[in-house]
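Visitor: Below you'll find the structure I mean.
The values are calculated or read from the model by the stated rules, or taken from the named source; none is laboratory data. Please read all numbers here as calculations on a predicted model, not as lab measurements. Cβ: placed from backbone, ideal geometry, glycine included. Neighbour counts: every protein chain shown. When the accessible area is computed, the model is the full protein with side chains, heavy atoms only, and any ligands, DNA or RNA have been set aside. Shrake-Rupley method; radii C 1.70, N 1.55, O 1.52, S 1.80 Å.
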Amino acid sequence: MEPDFRGETGGSSRHATTSILDATMNFRPVIYQGRMMTRIQLSIVISVALFLIFIDQTHARSSPSMDSATEARTESSGANQSLADKLAVRPLSEIAVAIANGTVSSEQMVRSYLRRIAEIDRSGSSINAVLALNPNAIADARKADEAIARGNNIGILHGVPVLLKDNIETLDPVATTAGSFALKDNVSERDAPVAAGLRSAGAIILGKTNLSQWANFRSANSVSGWSAIGGIVRNPHILSRSACGSSSGSGAATAAALAAATVGTETNGSIICPASANGVVGFKPSVGLVSQNGIVPISTSQDTAGPMTRSVRDAALMLTAMVTDKGRPNFVSALDRNFLKGKRIGVMRFAIGRNAGVAKLFDEALKVLEAEGAILMDIESFDRPEGFSRASRMVTQVEFKHTINRYLRSTDPDKVTVRSLEQLIAFNRETPEEALVLFNQARFLAAQARPDVTDPDYLSALHLVQKATRQDGIDKMLKDHDVEILVAPSRGPAYIIDAIYGDQSHGGIGAGYIAAIAGYPNMTVPMGSLHGLPIGLDLMSSHGRDSDVLAAGYAYEQASGKIVTPGYLQDVFEVPAIGEAMRTKALR
């Protein structure tokens with residue numbers, strides 16, 4: 001989706017024209033101010049916008065010169081904007097302090113991120129992480145600045161710009177599409193509780209991030225980070241590599257500093273994988289801690305939203321705002337630099353995999369944990385019961401059919417004509433833009449054939465997978481080895497974007513699926529990079545121990561200092577060691 005700049009003054013028509021032209025040149029769908037446009041309509045808008053640019057420039061040339069007071073204010077504003085541009089790549093916690101004390105304004109931070117989106121996401125490296133911008137963002141930022149000027153600081157995220165994955169509803173005039181044309185007009189005019197929590201803490205909703213369409217549930221042969229509306233998200237570290245999914249845009253946008261922080265969602269790996277692949281912090285809370293309402297669903301037993309940030313403290317700040325129940329904890333207060341001292345940590349040796357580079361980084365992370373006073377206990381195996389994978393598929397397919405039918409029925413019928421999974425399957429077949437040629441909709445078909453959530457076979461399957469990952473899984477590992485936290489590598493290096501074979505996963509690395517199916521908290525924190533691609537460290541524990549997982553991740557992060565910044569390389573051959581090794585050295 002293309003941005004609507006109605007909230008911006010001074011050059012707004014120029015920015016809008018540039019965005020539309022960029023969209024057409026890159027063969028992306030053009031959605032302007034919430035409407036899909038024909039070529040004729042687009043030509044008219046461009047013509048009008050170009051005329052407005054001419055008027056702007058004429059007015060600028062004919063305006064009287066500024067007096068000295070105005071010049072001083074302009075210079076001060078310019079200096080502050082320059083500071084905002086420097087702060088844009090810093091952690092959210094630093095940005096929040098700078099806004100609260102008046103060092104920079106919320107509006108300046110919003111403008112800085114809009115500029116970065118234009119320069120990095122829409123052009124330049126063309127990461128394609130941002131799907132839509134909120135036309136009210138600048139107006140909302142001005143209101144936040146006015147509140148600070150009156151001495152009213154309303155929350156811990158006051159004036160801080162954040163991006164939400166495009167399966168989370170907001171009351172802004174921006175559609176919640178899940179990346180599909182079936183929901184292109186789904187402007188719900190309601191905040192999901194997670195969005196309402198962020199807004200009540202003072203956050204500015206900057207817009208929506210691209211994602212794997214339908215949160216990667218359409219097909220097992222998908223291309224992570226691709227959606228029909230948004231196209232493909234690219235990894236800002238090496239652009240030919242996958243940003244993983246399904247919270248692809250949220251991970252890439254956080255890494256590229258297109259907002260102070262983002263929100264992703266996870267059913268199984270959709271926060272942890274893109275956070276690890278993009279070199280940022282990702283936190284998947286205990287299921288139920290953050291409300292599922294107002295989010296395009298997959299699974300009632302596994303779905304959750306979670307923060308994706310540039311530091312663990314930022315994740316704790318975001319999570320504190322996202323939890324909307326009364327008496328919610330302050331997760332920031334649980335952070336403790338010395339948390340690891342004397343703590344017993346379970347090392348999931350069975351999840352290290354076969355990649356020697358990943359194993360080396362993991363060994364280095366374990367040494368950091370030990371240096372911080374942790375006591376490490378090896379866990380060599382985790383045995384899944386017979387039929388585990390089959391039961392897991394049944395659970396998510398049954399729950400998807402039930403929850404997506406309920407969600408589609410909840411939308412405005414004047415905006416969303418697809419009212420059921422059955423109709424969605426037919427829509428995909430009849431709509432070339434949904435690109436079934438890229439990958440099929442086998443999971444949708446399998447889900448449609450499944451029984452209801454009251455079916456005994458479904459209930460048995462749910463019991464099997466939850467017992468395997470809870471009582472016989474994480475809880476058993478914690479108890480049998482007398483440990484409080486479990487650790488493993490998050491994933492291997494990001495695989496190449498491949499429209500022919502789809503996603504590729506190598507090496508049997510990671511155990512995040514156990515926490516995902518159990519509904520238990522899991523976190524990834526950067527532990528270094530391999531050939532220019534980030535690798536994360538997973539930390540997980542039992543249900544409700546979110547504060548402990550955050551505290552352990554914070555202590556590791558502070559001790560390791562493993563910050564991984566994007567290189568925006570075109571491909572892996574630009575990594576010096578690889579490029580040199582691949583060059584021809586034969587005598588001629």
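Visitor: Just list whichever of K343/K367; K343/K467; K184/K208 have alpha carbons separated by over 18 Å in the model shown.
Guide: Too far apart for the 18 Å limit: K343/K467.
Visitor: Net charge near R116: determine it from the other residues with C-beta under 14 Å of the C-beta of R116, scoring Lys and Arg +1 and Asp and Glu -1.
Guide: Net of charged neighbours comes to +3.
Visitor: Based solely on its DSSP helices, what 222 nm [θ] is calculated for the chain when runs of n ≥ 4 H residues each add -39,500 (n - 2.57) and the sum is averaged over all residues, nearest 500 deg cm²/dmol?
Guide: Roughly -12000 deg cm²/dmol at 222 nm, from the helical runs in the chain.
Visitor: In addition: Distance cut-off 26 Å, Cα to Cα: go down the list K360/K479; K284/K326; K341/K562; K284/K562 and report the pairs above it.
Guide: Cα-Cα > 26 Å for K360/K479; rest within.
Visitor: So what is the accessible area of the stretch 389-452 per residue, in Å², with the probe set to 1.4 Å?
Guide: For the stretch 389-452, the solvent-accessible area averages 51 Å² per residue.
Visitor: Using alpha-carbon pairs under 8 Å, 6+ residues apart, how would you state the relative contact order of the stretch 389-452 in percent?
Guide: About 43 percent, as a whole number.
Visitor: Could you grab the relative contact order for the chain? Cα pairs under 8 Å, six or more apart, rounded to a whole percent.
Guide: Here the relative contact order equals 15 percent.
Visitor: Between A100 and T584, take the C-beta separation as r, use R0 = 41 Å, and let me know the FRET efficiency to the nearest 0.05.
Guide: About 0.10, to the nearest 0.05.
Visitor: Here is a follow-up. With a cap of 12 neighbouring Cβ atoms within 10 Å, and only residues DSSP puts in a loop, list the trypsin sites (Lys or Arg not before Pro) found in the stretch 129-160.
Guide: R150
Visitor: A further question follows. What does the charge dipole of the stretch 523-588 about its Cα centre add up to, to the nearest 20 debye, if the Cβ of each Lys and Arg holds +1 and the Cβ of each Asp and Glu holds -1?
Guide: About 400 debye.
Visitor: I've got another one for you. Starting from the amide H of R344, placed 1.01 Å from N in the peptide plane, find each other amide H under 5 Å away whose residue is 5 or more places distant or on another chain.
Guide: Distant-sequence amide H within range of R344: I375, E484.
Visitor: I would also like to ask the following. Quick one: pull the percent of accessible area on the stretch 492-588 belonging to carbon and sulfur, 1.4 Å probe, ligands and nucleic acids left out.
Guide: The C+S portion of the solvent-accessible surface of the stretch 492-588 is 56 percent.
Visitor: Can you tell me the orientation of helix 106-116 relative to the chain, as the angle in degrees between its alpha-carbon axis and the longest Cα principal axis, to the nearest 10?
Guide: Between the helix axis and the principal axis of the chain, the angle is about 80 degrees.
Visitor: Given the options L539, S106, I127, identify the residue whose Cα lies farthest towards the positive end of the charge dipole of the chain (+1 on Cβ of Lys, Arg; -1 on Cβ of Asp, Glu).
Guide: Checking the options against the dipole of the chain, the answer is I127.
Visitor: If you line up the long axis of helix 39-62 against the longest principal axis of the chain, both from Cα atoms, how many degrees apart are they, to the nearest 10?
Guide: The angle comes out at about 60 degrees.
Visitor: If you don't mind, there's one more thing I want to ask. Report the gain in length on full extension from A499 to K360: 0.36 nm times residue separation, minus Cα-Cα distance, nm rounded to one decimal.
Guide: Stretched out fully, the A499 to K360 stretch lengthens by 46.9 nm.
Visitor: As I understand it, the value is the acute angle between the Cα axis of helix 356-371 and the longest principal axis of the Cα atoms of the chain; what does it come to in degrees, rounded to 10?
Guide: It is inclined by approximately 90 degrees.
Visitor: How long are the three semi-axes of the equivalent ellipsoid for the chain, computed from the Cα gyration tensor as the root of 5 times each eigenvalue, in whole Å, largest first?
Guide: They are 38, 29, 24 Å, listed largest first.
Visitor: Quick one: dipole size for the stretch 144-197, taken about the Cα centre, charges +1 on Lys/Arg Cβ and -1 on Asp/Glu Cβ, in debye to the nearest 20.
Guide: Taking the Cα centre of the stretch 144-197 as origin, the dipole is about 120 debye.
Visitor: Which net charge results for the neighbourhood of V465, defined as the other residues with beta-carbon distances under 11 angstrom from its beta-carbon, given Lys and Arg at +1 and Asp and Glu at -1?
Guide: Within the 11 Å Cβ shell, the charges total +4.
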